[in-house]
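Contents: one structure, followed by commentary.
The values are calculated or read from the model by the stated rules, or taken from the named source; none is laboratory data. None of these values were measured; they are calculated from a predicted model. A quick note on method: Cβ atoms are made from the backbone with ideal geometry, for glycine too, and the neighbour counts reach across all protein chains shown.
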């Protein structure tokens, strides 16, 4: 190899490393909030409570332990239209007012049975605002999706065998009667 080819390859390699660095920086998704909406620690806590009320922890971890609330936020920000995003965030903001009016206390202070009743009433009442109904619908769908697609559920609850059991052509048919 001559000197010109070595210099050319070195320049191409170092230039490729620079571009690779900047292309990898764009891979991280940022949770951007639509204009006119605010999302702070109190809204984050409210979403955690909603997700935890929908799928509470029992002998298996609940949605809160599996950080499904972060999945819900990511999906709302990355996969929904601006109209849905605005409805989601404004519904999240108006949820506490709705619960205080209907149940006499903040959603965070309610016990688990009252939270379930509040979420059910938000979903069914005709006087509920469209934003609140949109919030509940999106939160419910994305919570279920996030929980079922979590690492814990996919590996511990619903394990998938990449390679099925081997075929045994000499397996006695008399043993199959109890399995069918």
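Remarks
- For residue 125: the one exception among (1) at pLDDT 90 or above; (2) farther than 18 Å from residue 83 by Cβ; (3) surrounded by 10 or more Cβ atoms within 10 Å (Cβ to Cβ): (1)
- Some residue of region 40-53 being out of contact with any helix residue (DSSP H, G or I) (no Cβ under 6 Å at 6 or more places or on another chain), at pLDDT below 90 and part of a loop (DSSP other than H, G, I, E, B): yes
- Apart from one condition, residue 119 fits all of (1) free of Cβ contacts under 8 Å to residues at least 60 places away in the same chain; (2) part of a helix (DSSP H, G or I); the exception is (1).
- The sole residue among 70, 105 that is on the phi < 0 side of the Ramachandran plot, surrounded by fewer than 18 Cβ atoms within 10 Å (Cβ to Cβ) and within 11 Å of the chain's Cα centre (by Cα) is 70.
- Residue 86 being within 17 Å of residue 133 (Cβ to Cβ) and in contact (Cβ under 8 Å) with a residue 24 or more places away in the chain: yes
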